[in-house]
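The values are calculated or read from the model by the stated rules, or taken from the named source; none is laboratory data. None of the values given here were measured: they were computed from a predicted structure. Heads up, the Cβs are rebuilt from the backbone with ideal geometry, glycines too, and the neighbour counts pull from every protein chain shown. These area figures cover heavy atoms from the full protein model, side chains too; ligands, DNA and RNA do not enter into them. Shrake-Rupley method; radii C 1.70, N 1.55, O 1.52, S 1.80 Å.
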Amino acid sequence: MTALERSWFEEAQQSMHGWDFSHLAGRWQTADLPWDYAALVREHLSADDRWLDIDTGGGELMGRFNHQPALTAVTEGWQPNIELLKQTVVKKGITLYPDAAEQLTAVLNSTFDIVTNSHGAMPVKRIAEVLKPGGRFVTQQVGATNNYALSRFFDEHYEPAYPDNQLLTVMAQMQAAGFEILRAEQAYAALSFTDVGAIVYYATVIPWEFPHFDVARMLPKLHQLQSLLAINGRVTTFEDRFMIIARKLARRD
């Protein structure tokens, strides 16, 4: 085994805490989207709002907004992140709803002024139910075709894990659930990796886009990527993203 191959196996053994890709710092680059999700949240999040952040990961993004802990709640379904949140945000007074089924089962109806969701599950009907009438929903989503070319490169039979997570489909679901769409956009952003080990790490921690990824089995493909990377110093795929801002309409009897 070469030193390069050994480094690829080592990358596959790395673990990630929360939703933190700092291990790839300086090894990947993503083109800017035409919107800024954090700015959209700040625009719609008022100081006295009761706020729910869905699938918060390790709370990294949620924490940037410095909202009052007593008015903040989060959901998370992955057990390692749940344990992390218990030791971090819960101790600050933020409410945690463990949510393995990703259906907001424990969240009370008509509780929140705003719900946010960055790349999380989208139980649209339940999101409408937990919002107060007039409440806002702000989301940025990973579209169905995210990294499609790279996923197909590794597996010619790959099909998206969430084929219906598309802007048009989700907008229709939201209207049916009683939302007024205020803004909606979709974009594709180039994602470039500058070493193959970074791709190995990425594919390992996102198994729904790279199912059954295995370094030993993928060695020929990884060497092929190494030769392609030598041409211009990077391997590029495309992220599929969409955003929606919506308001829950008052109930009409």
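Quick look at the numbers
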item: Over region 1-90 - Rg/Rh using Cα atoms and the Kirkwood inverse-distance radius; result: 1.09
item: Antiparallel bridges, percent of DSSP beta bridges restricted to the chain (to nearest 5); result: 60
item: Gyration tensor verdict on region 13-64 (Cα atoms; rounded if a/c is under 1.5, prolate if a/b is larger than b/c, oblate otherwise); result: oblate
item: Per residue value of the accessible surface for the chain (all protein chains in place, 1.4 Å probe), Å²; result: 51
item: The chain, relative contact order in percent, only Cα pairs under 8 angstrom and at least six apart counted; result: 24
item: Label-point gap, in nm, between Lys92 and Arg64 - each point 7 angstrom along Cα→Cβ; result: 1.4
item: Rounded to 5, percent antiparallel among DSSP beta bridges of region 66-148; result: 0
item: Stokes-Einstein D (µm²/s) once Rh is taken as the Kirkwood radius of the chain over alpha-carbon pairs, at 25 °C in 0.890 mPa s; result: 125
item: Carbon/sulfur fraction of accessible area - region 3-248, other protein chains in place, 1.4 Å, %; result: 53
item: Diffusion coefficient, µm² s⁻¹, Stokes-Einstein with Kirkwood Rh over alpha-carbon pairs of region 157-253 at 37 °C and 0.692 mPa s; result: 199
item: Degrees separating the helix 215-232 axis from the principal Cα axis of the chain, which is the longest one; result: 90
item: Cα→Cβ-extended label distance, 7 Å offset, between Ala250 and Asp36, nm; result: 3.4
item: Calculated [θ] (222 nm, deg cm²/dmol) that DSSP helices of n ≥ 4 give over the chain, each run adding -39,500 (n - 2.57); result: -9500 deg cm²/dmol
item: Equivalent ellipsoid semi-axes - Cα gyration tensor, region 81-227, angstrom; result: 34, 20, 13
item: Extension reserve of the Gln29-Gln224 stretch, reckoned as 0.36 nm per residue once the Cα distance is removed; result: 68.1 nm
item: Ala100-His157 FRET efficiency (beta carbon distance; Förster radius 30 Å; 0.05 resolution); result: 0.60
item: Label point distance in nm, Thr236-Leu182, each placed 7 Å from Cα along Cα→Cβ; result: 3.5
item: For region 25-101 and region 232-251, distance of Cα centres in Å; result: 17
